[in-house]
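**Q** I have a structure here, written as structure tokens, and I will follow up with some questions on it.
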Protein chains: 2
Amino acid sequence: MKSDLILQTAVSHFAKEGYEGASLSKIAEEVGIKKPSIYAHYKGKDDLFLSAVQYSLHTLKAQLAAYFNSMREEPLESLLLGYFEWLAKESRDNERMKFIIRVAYFPPLKLKTEVGELFNPFFNAMHRHLTRLLRERHRHEKVLYSEDFSNAALAYLTITEGVMNELVYSGMEKYNQRLQAVWPIFWRGLIR
Amino acid sequence: MKSDLILQTAVSHFAKEGYEGASLSKIAEEVGIKKPSIYAHYKGKDDLFLSAVQYSLHTLKAQLAAYFNSMREEPLESLLLGYFEWLAKESRDNERMKFIIRVAYFPPLKLKTEVGELFNPFFNAMHRHLTRLLRERHRHEKVLYSEDFSNAALAYLTITEGVMNELVYSGMEKYNQRLQAVWPIFWRGLIR
DNA sequence: TATAACCTAACGACCGTTAGGAAGGTGGAA
DNA sequence: TTCCACCTTCCTAACGGTCGTTAGGTTATA
């Protein structure tokens, strides 16, 4: 489907150049069509951008569900630490993650509301899912130091974002450096 | 000095709209001059942008030195935790911090090299300073769990960025939420 | 007298978008 | 089965607008 090809190309361009920096001409050129042809598939730049956000979040959500499901028999530390490896692998293979992070922190001003309406439910779902996961693991394994599962989940997400930013910006090497620096400290503070 | 006023206005615009999104017309308008008058002070948009980066990093560096100096008698936890409060206060009062973070993670593609040459020494200096600080504190207080001071400093910087991102994006309330979630865990993992 | 700081006017380039039409496939009516 | 209307997808051409930038002139300051 040409429509999907446009979308994926747009994700890549928006990730690298931002909303204002990306140009429909260049996107069209990479797809192999002319600029006005995009309007046969999307109403305009805004529509294309928001579609790209929606598509990226939807894909990520499905991948996350699959990952956590595949890891449900693993010990907690493997699961939480493996999540970083999984994110790194995903980010290496495509630019969706970079796009998501960029949009989350620096959305185009005029679409800030619409972007927020797409992101907030996603982050909240992630937070809730992690909170539930920690609570259930603790019930069986009694592994955590504190029983404030919500804050523990939030802390984990904060760490995730910190190292993810490094991954997006500086690449794999510095990312691994950060992860190896922060994880032992975080894990030691988390468990009892 | 008009030149500085242009610079500060530029920082604010670049922070909110990004390099591509910011326009010299709007910057000039806010300053109270016409667009071409900017060229009496800067060679062009690139020059203005890189000057803004240099100015912001220089200012931040001076402020950081002053902060760490003023806190040199405080216990380590106060110093490290107080740094977050200090960052939050700074970010509330001006948009320099938002600009710095935005540029650090998402520089304009065509200036990525130049931006990197300005940022890398700054981050490295920060990392070295923190490493030394932790080492010296540990010598007197024997407070840390691990003696890998470099990694401890890196971990701390990672946390800082995680919560700073939240501050820049979601504002003070969610920032405090994050900080309160992540700090007890991090601190417990750091000390012995 | 020279220089810095501002102005108006205008440049070419690129932007997102629209108009209008050609090609091709699809589905229903004759 | 043939035909025609329709829709989708692409095109060329062009629109108005904004962008960063330059030329050239005026004014005030040193």
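The values are calculated or read from the model by the stated rules, or taken from the named source; none is laboratory data. Quick caveat, the model's predicted, so the values are computed rather than measured. Positions of Cβ are backbone-derived with ideal geometry, glycine not excepted, and every protein chain shown enters the neighbour counts.
**Q** Which is more than 13 Å from DNA strand C (Cβ to nearest atom), more than 30 Å from residue A:97 (Cβ to Cβ) and small (Gly, Ala, Ser), of B:88, B:66?
**A** B:66
**Q** Could you pull out the residue among A:96, A:102 that is surrounded by 19 or more Cβ atoms within 10 Å (Cβ to Cβ) and away from chain B (no Cβ under 14 Å)?
**A** Exactly one residue qualifies, and that residue is A:96.
**Q** When you scan segment A:29-59, how many residues do you find that are without any contact (Cβ under 8 Å) to a residue 12 or more places away in the chain and either of a type in the set (Gly, Ala, Ser) or assigned to a helix (DSSP H, G or I) (or both)?
**A** 10
**Q** Does residue B:65 qualify as being more than 20 Å from residue B:115 (Cβ to Cβ) and near DNA strand D (Cβ under 9 Å from one of its atoms)? Outline the logic, then answer.
**A** Numbers: more than 20 Å from residue B:115 (Cβ to Cβ): yes; near DNA strand D (Cβ under 9 Å from one of its atoms): no.
When the stated conditions are applied, residue B:65 does not pass them.
**Q** Shifting gears a bit: Counting just the residues of segment B:137-151 that are within 14 Å of another protein chain (Cβ to nearest Cβ) and free of Cβ contacts under 8 Å to residues at least 60 places away in the same chain, which one comes out farthest from residue A:158 (Cα to Cα)?
**A** Per the stated criteria, the residue is B:147.
**Q** Right, another one. From A:108, A:36, grab the single residue that is modelled with pLDDT of 95 or more and within 13 Å of DNA strand D (Cβ to nearest atom). Give the steps one after another, and end with the answer.
**A** Working: A:108 fails: within 13 Å of DNA strand D (Cβ to nearest atom).
Just one listed residue meets the conditions, A:36.
**Q** Let me ask you something else. What residue, of A:148, A:93, is closer than 26 Å to residue A:10 by Cα and not aromatic (Phe, Trp, Tyr)?
**A** A:93
**Q** Answer yes or no as to whether residue A:32 is exposed (fewer than 15 other Cβ atoms within 10 Å of the Cβ), of a type in the set (Gly, Ala, Ser), on the phi > 0 side of the Ramachandran plot and more than 8 Å from DNA strand C (Cβ to nearest atom). Steps first, please.
**A** Numbers: exposed (fewer than 15 other Cβ atoms within 10 Å of the Cβ): yes; of a type in the set (Gly, Ala, Ser): yes; on the phi > 0 side of the Ramachandran plot: yes; more than 8 Å from DNA strand C (Cβ to nearest atom): yes.
Yes; evaluated as a whole, the condition is true for this residue.
**Q** Out of the residues in segment A:5-21 that are touching a helix residue (DSSP H, G or I) at 6+ places or on another chain (Cβ under 7 Å) and touching a residue at least 60 places away in the same chain (Cβ under 8 Å), which is farthest from residue A:94 (Cα to Cα)?
**A** Per the criteria, the residue is A:20.
**Q** Determine which member of the set B:154, B:134 is more than 8 Å from every other protein chain (Cβ to nearest Cβ) and either touching an Asp or Glu at 6+ places or on another chain (Cβ under 6 Å) or at pLDDT 95 or above (or both). Please lay out each step first, then the result.
**A** On the way: B:154 fails: more than 8 Å from every other protein chain (Cβ to nearest Cβ).
Among B:154, B:134, only B:134 is more than 8 Å from every other protein chain (Cβ to nearest Cβ) and either touching an Asp or Glu at 6+ places or on another chain (Cβ under 6 Å) or at pLDDT 95 or above (or both).
**Q** For segment B:97-106, does any single residue satisfy the condition of being free of Cβ contacts under 8 Å to residues at least 12 places away in the same chain and either touching a Ser or Thr at 6+ places or on another chain (Cβ under 7 Å) or not acidic (Asp, Glu) (or both)?
**A** Within segment B:97-106, one or more residues are free of Cβ contacts under 8 Å to residues at least 12 places away in the same chain and either touching a Ser or Thr at 6+ places or on another chain (Cβ under 7 Å) or not acidic (Asp, Glu) (or both).
**Q** Being touching a strand residue (DSSP E or B) at 6+ places or on another chain (Cβ under 8 Å) and part of a loop (DSSP other than H, G, I, E, B) is the filter here; which residues of segment B:136-157 pass it?
**A** Residues satisfying the conditions are B:143, B:145.
**Q** So which residues in segment A:146-158 are over 16 Å from residue A:97 (Cα atoms) and among the aliphatic types (A, V, I, L, M)?
**A** A:152, A:153, A:154, A:155
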